[in-house]
Amino acid sequence: MGKMDFIGKPSSAAGGWGALKSVGKRLLESGAPLSNAKALLKTNQPDGFDCPGCAWGDPEHGSSFEFCENGVKAVSWEATEARVPPEFFAAHAVSTLSQWSDYELEKQGRLTNPLRYDRSSDRYVPVSWDDAFREIGTILRGLDSPDRAEFYTSGRASNEAAFLYQLMVRLYGTNNFPDCSNMCHEASGVGLKASIGVGKGTVLLEDFEKTDAIFVIGQNPGTNHPRMLGDLRRAALRGARIAVFNPIKEKGLQRFSDPQDKLEMITGSNTKIATNYYQPRQGGDMAAIRGISKVVFAADEAARAAGQPAVIDYDFLTDHAVEFEAYRAAVDATSWETILDQSGLTREAIEEAASIYMNASSVIATWAMGVTQHKHSVAIVREITNLMLLRGNVGRPGAGLCPVRGHSNVQGDRTVGIDEKAPPALLDALEKELGVTMPRNRGHNTVEAISAMLDGKAQAFIALGGNFLRATPDSPLIIEAFKKQKLTVNIATKLNHSHLVPGETSFILPCLGRTEIDRNSAGLPQIVTVEDSMSMVHGSGGINEPASPELRSEVAIIAGIAEATLGSDRVNWNALADDYDLIRDMIERVIPGFHEFNERVRVPRGFHLRNAAAEREWHTPEKKAVFFTGPLPEMTEHQAALSKDGLFVLQTFRSHDQYNTTIYGLDDRYRGVYGERQVIFMNPKDMETLGAHAKQRVDVIGEYGDGVERIAKDFRLVPYDIPQGSVGGYYPELNVLVPLHSYGEGSFTPTSKSVLVSVRLRGEAAAA
């Protein structure tokens with residue numbers, strides 16, 4: 001394939017032989033295909049490890065093949081035979097490595113030794129664990145305030161590691177917990193908490209077997225949660241309606257060929273997923289949902305006037321909800337002209353979707369980043385909740401709200417205390433447990449942490465996993481923020497760009513992966529736990545030998561830093577690190593819902609954390625579900641883009657060979673792009689207006705209007721089925737265009753799905 005031939009034929013369906021081919025390729029690339037194939041059979045199994053990929057739930061009655069294509073990528077990427085020993089760093093200066101791509105960095109393999117940055121040689125050099133802990137502790141103790149330090153958490157951290165981490169940080173004296181949830185589902189948590197009193201979804205996996213209709217909003221499960229496609233497929237086959245709202249046509253939402261279905265694989269057939277596919281404008285989901293509600297209100301009024309049963313569930317609303325009449329008034333006050341203009345949908349399409357909703361006895365609404373990464377993201381979540389409340393579709397079988405998390409334990413981390421907003425009940429419980437006062441001031445989220453690092457208020461940054469530099473908006477600003485730190489510490493399995501912008505003192509501390517055996521001082525293997533999107537808590541124990549004898553678990557590393565920083569007067573950190581049962585005992589005493597934690601987590605498939613809203617118990621101030629009664633946004637970014645020539649609204653998303661910031665390969669076969677990541681997807685009519693052609697090189701320019709120059713240079717155009725005025729492309733490459741201070745109201749989530757940009761054509765000579 002020539003360098004200009006990167007646009008090819010997309011897959012006819014998600015899954016199928018393409019998925020199997022990809023599985024084989026990834027296993028071979030790992031260098032240990034047979035052992036990794038064996039490991040896959042222990043993925044999401046009661047006696048194995050939880051997939052380090054997404055947070056989709058495990059079935060009550062599972063099979064031996066509870067993994068998907070992306071799970072294979074995650075397992076083989078972690079369990080690779082490739083290694084990054086100290087000799088690698090001796091041969092490569094940090095300034096040189098910083099020019100490598102994300103893919104090339106992580107492809108080098110697993111980190112093997114703790115490392116300290118040596119500024120004189122511009123290289124990382126080996127350091128002992130004890131020396132690393134000692135120096136980290138000295139610097140942290142030397143800061144004039146605990147609030148000078150930021151403690152980041154990746155959603156792959158286990159419950160045990162996250163709980164110990166928050167315990168250390170709060171005993172240190174701060175609530176500065178920027179975490180990956182701030183950049184994805186924060187709006188879901190905030191919106192659901194306000195509406196139903198619980199910041200989590202209300203459904204179980206079994207509800208997908210009972211529902212009559214599923215509304216999939218702003219979500220691409222084919223790439224982001226492939227195992228979900230199996231549940232959508234089974235729902236479709238038994239006749240459930242699946243209504244999709246997504247600006248871009250995504251292959252996994254159109255058709256799916258299940259690699260575990262012998263007939264589909266032999267015949268080359270596939271299953272239609274979406275029964276109805278709607279393409280709203282970016283940010284137009286709220287208007288579309290309000291339009292559905294408007295149709296529901298009109299149908300209800302007509303039915304009651306004709307003496308027919310009400311469409312709306314008034315008994316449920318009387319018993320369980322407040323502000324219903326105020327919401328009706330807000331819907332009445334919203335004109336169809338506004339709804340159609342913001343949504344970009346026809347009235348006929350909205351009425352069709354409303355008919356699906358009204359004719360279904362039970363409905364599930366599920367969503368992801370396409371909903372949460374807008375300025376009005378909290379309002380969108382609450383509007384979705386409003387619609388579900390109208391017919392009592394919360395708190396009964398086959399119905400409910402289902403935000404689908406990305407990282408495998410991002411929900412669990414929040415449950416066990418990774419929260420800058422410091423829940424009073426948690427702090428009270430910790431004070432009772434330890435007999436010491438906990439910090440009560442609100443800490444920093446991700447946006448606030450970056451701002452504090454830039455202006456000098458924060459002087460230390462510790463990351464429990466993740467790739468902060470590439471996950472966050474306004475990439476050049478993050479580089480400047482890191483450079484200003486007295487201390488940067490990255491706990492990691494692989495090398496990434498966050499490690500290559502060292503502060504005054506910088507450490508890389510290599511940890512065990514999810515697939516590896518975690519042994520205590522007696523040589524006994526230990527398990528950790530995670531919480532999936534359905535609030536199921538699972539045990540996880542690795543089966544592979546560690547990539548290096550020098551590796552330590554996340555828990556052991558946290559304990560080492562804590563001991564060096566705080567001592568052991570209040571907490572015996574080493575004892576907790578040597579017996580995770582003791583950590584779980586403390587979680588049981590401190591966090592509601594974890595009674596008999598150690599016993600229940602050892603039951604196959606684990607246990608369910610009680611969700612009060614799922615039982616129609618509403619932990620809101622009103623003790624009922626609360627309707628959101630606000631108006632639609634005055635103007636979405638998409639409307640702004642259409643109001644001026646040359647403006648577009650950009651959304652960033654993953655390629656199919658990607659999971660969050662981890663790049664497994666350079667192909668996106670579902671979108672027909674191969675060997676290239678610097679691409680911009682654009683409607684062909686917009687390309688014609690620009691005088692551009694497929695594959696032409698362009699610069700994408702941020703148009704936020706704050707005087708900061710933001711340019712993504714030398715990208716190539718790909719014609720695609722996307723609304724006019726919209727463009728799309730991959731993160732992290734396009735994060736440079738997402739302004740740090742453009743975030744969701746009430747959530748601080750970056751607006752990565754609604755970025756105003758212009759597109760400048762580069763010369764044809766550059767395109768050759």
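Evaluating Leu171 against the criteria (1) touching a Leu at 6+ places or on another chain (Cβ under 8 Å); (2) at pLDDT 95 or above; (3) surrounded by 24 or more Cβ atoms within 10 Å (Cβ to Cβ) leaves one unmet condition, (3).
Against the conditions (1) loosely packed, with under 14 Cβ neighbours inside 10 Å; (2) farther than 26 Å from Ala329 by Cα, Ala559 satisfies every one except (1).
For segment 410-438, filtering for residues that are of a type in the set (Gly, Ala, Ser), part of a loop (DSSP other than H, G, I, E, B) and either within 16 Å of the chain's Cα centre (by Cα) or crowded, with 24+ Cβ neighbours inside 10 Å (or both) leaves 1. Within segment 624-643, the set of residues being of a type outside the set (S, T, N, Q) and out of contact with any strand residue (DSSP E or B) (no Cβ under 9 Å at 6 or more places or on another chain) comprises Phe628, Gly630, Pro631, Leu632, Pro633, Glu634, Met635. With the structure loaded, tell me whether Thr488 is crowded, with 22+ Cβ neighbours inside 10 Å, polar (S, T, N, Q) and within 17 Å of Ile136 (Cα to Cα) or whether it fails that test. Yes, satisfied. When the residues of segment 594-620 are narrowed to those that are among the small types (Gly, Ala, Ser) and modelled with pLDDT of 95 or more, which ends up surrounded by the most Cβ atoms within 10 Å (Cβ to Cβ)? Out of the qualifying residues, it is Ala613. Taking segment 692-711, which residues are under 29 Å from the mean Cα position of the chain (by Cα) and of a type in the set (Lys, Arg)? Listed by number, the list holds a single entry, Arg710. Looking only at segment 301-343, count every residue that is within 18 Å of Ala353 (Cβ to Cβ) and either within 34 Å of the chain's Cα centre (by Cα) or modelled with pLDDT under 95 (or both) and tell me the total. Residues flagged as within 18 Å of Ala353 (Cβ to Cβ) and either within 34 Å of the chain's Cα centre (by Cα) or modelled with pLDDT under 95 (or both) within segment 301-343 amount to 10. Filtered by the rule that a residue be touching a strand residue (DSSP E or B) at 6+ places or on another chain (Cβ under 7 Å) and among the aromatic types (Phe, Trp, Tyr), segment 273-321 gives Tyr277, Tyr278. For Tyr152, the stated conditions hold: it is touching a strand residue (DSSP E or B) at 6+ places or on another chain (Cβ under 9 Å) and within 27 Å of His538 (Cα to Cα).
Quick grid of which residues meet (1) crowded, with 24+ Cβ neighbours inside 10 Å; (2) closer than 30 Å to Glu615 by Cα; (3) touching a residue at least 60 places away in the same chain (Cβ under 8 Å):
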site: Ile479; (1), (2), (3): no, no, no
site: Val501; (1), (2), (3): no, no, yes
site: Thr505; (1), (2), (3): no, no, yes
site: Pro510; (1), (2), (3): yes, no, yes
site: Gly513; (1), (2), (3): yes, no, yes
site: Ala522; (1), (2), (3): no, no, no
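Looking only at segment 606-616, residues that are in a helix (DSSP H, G or I) and touching a helix residue (DSSP H, G or I) at 6+ places or on another chain (Cβ under 8 Å) come to 1 in all. From the list Ala349, Ala365, Ala298, the one residue that fits, being part of a strand (DSSP E or B) and modelled with pLDDT of 95 or more, is Ala365.
Checked against the criterion of being touching a Leu at 6+ places or on another chain (Cβ under 7 Å), of a type in the set (D, E, K, R), surrounded by 17 or more Cβ atoms within 10 Å (Cβ to Cβ) and within 30 Å of Ser11 (Cα to Cα), segment 692-704 contains one or more residues that satisfy it.
Among the residues of this structure, Tyr731 does not count as one that is within 30 Å of Pro631 (Cα to Cα), in contact (Cβ under 8 Å) with a residue 40 or more places away in the chain, under 26 Å from the mean Cα position of the chain (by Cα) and not assigned by TED's automatic domain parsing to the domain that holds Asn467. For Lys3, the conditions (1) at pLDDT 70 or above; (2) under 28 Å from Leu717 (Cβ atoms) all hold with the exception of (1). Restricting attention to segment 217-246, the residues being over 16 Å from the mean Cα position of the chain (by Cα), assigned to a strand (DSSP E or B) and touching a residue at least 40 places away in the same chain (Cβ under 8 Å) number 3.
Would you confirm whether or not segment 280-287 contains a residue that is within 30 Å of Thr661 (Cα to Cα), surrounded by fewer than 24 Cβ atoms within 10 Å (Cβ to Cβ), modelled with pLDDT under 95 and within 23 Å of the chain's Cα centre (by Cα)? No: segment 280-287 contains no residue that is within 30 Å of Thr661 (Cα to Cα), surrounded by fewer than 24 Cβ atoms within 10 Å (Cβ to Cβ), modelled with pLDDT under 95 and within 23 Å of the chain's Cα centre (by Cα).
Identify, from the list Ile450, Ile491, the residue that is within 22 Å of His185 (Cβ to Cβ), among the aliphatic types (A, V, I, L, M) and either in contact (Cβ under 8 Å) with a residue 60 or more places away in the chain or in the same structural domain as Val755 (by TED's automatic domain parsing) (or both). After ruling out the rest, the residue left standing is Ile450. Residues that are over 14 Å from Asp686 (Cβ atoms), of a type in the set (A, V, I, L, M) and either assigned to a loop (DSSP other than H, G, I, E, B) or in contact with a Leu (Cβ under 6 Å, 6 or more places away or on another chain) (or both) within segment 617-656 comprise Ala625, Leu632, Met635, listed in sequence order. Evaluation of Lys685 against the conditions (1) in a loop (DSSP other than H, G, I, E, B); (2) basic (Lys, Arg); (3) more than 26 Å from Leu469 (Cβ to Cβ) shows that the sole unmet condition is (1). Taking segment 492-605 as the region of interest, the helices (runs of 4 or more DSSP H) fully inside it that hold 1 or more residues being more than 23 Å from the chain's Cα centre (by Cα), over 30 Å from Val203 (Cβ atoms) and of a type in the set (A, V, I, L, M) are 554-566, 573-578, 580-590.
Every residue, every condition in (1) within 20 Å of Val378 (Cα to Cα); (2) touching a residue at least 40 places away in the same chain (Cβ under 8 Å); (3) surrounded by fewer than 23 Cβ atoms within 10 Å (Cβ to Cβ), yes or no:
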{"residue": "Glu622", "(1), (2), (3)": "yes, yes, yes"}
{"residue": "Gly630", "(1), (2), (3)": "yes, yes, yes"}
{"residue": "Glu634", "(1), (2), (3)": "yes, no, yes"}
{"residue": "Ala641", "(1), (2), (3)": "no, yes, no"}
{"residue": "Ile663", "(1), (2), (3)": "no, yes, no"}
{"residue": "Asp667", "(1), (2), (3)": "no, no, yes"}
{"residue": "Gly672", "(1), (2), (3)": "no, yes, yes"}
{"residue": "Glu676", "(1), (2), (3)": "no, yes, yes"}
{"residue": "Lys685", "(1), (2), (3)": "no, no, yes"}
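Within segment 391-409, identify whether any single residue is over 24 Å from Arg234 (Cα atoms) and in a helix (DSSP H, G or I), and answer yes or no. Taking every residue of segment 391-409 in turn, none turns out to be over 24 Å from Arg234 (Cα atoms) and in a helix (DSSP H, G or I).
The values are calculated or read from the model by the stated rules, or taken from the named source; none is laboratory data. All values reported here derive from a predicted model rather than from experimental measurement. Here the Cβ is made from the backbone with ideal geometry for all residues, glycine too, and neighbour counts use every protein chain on show.
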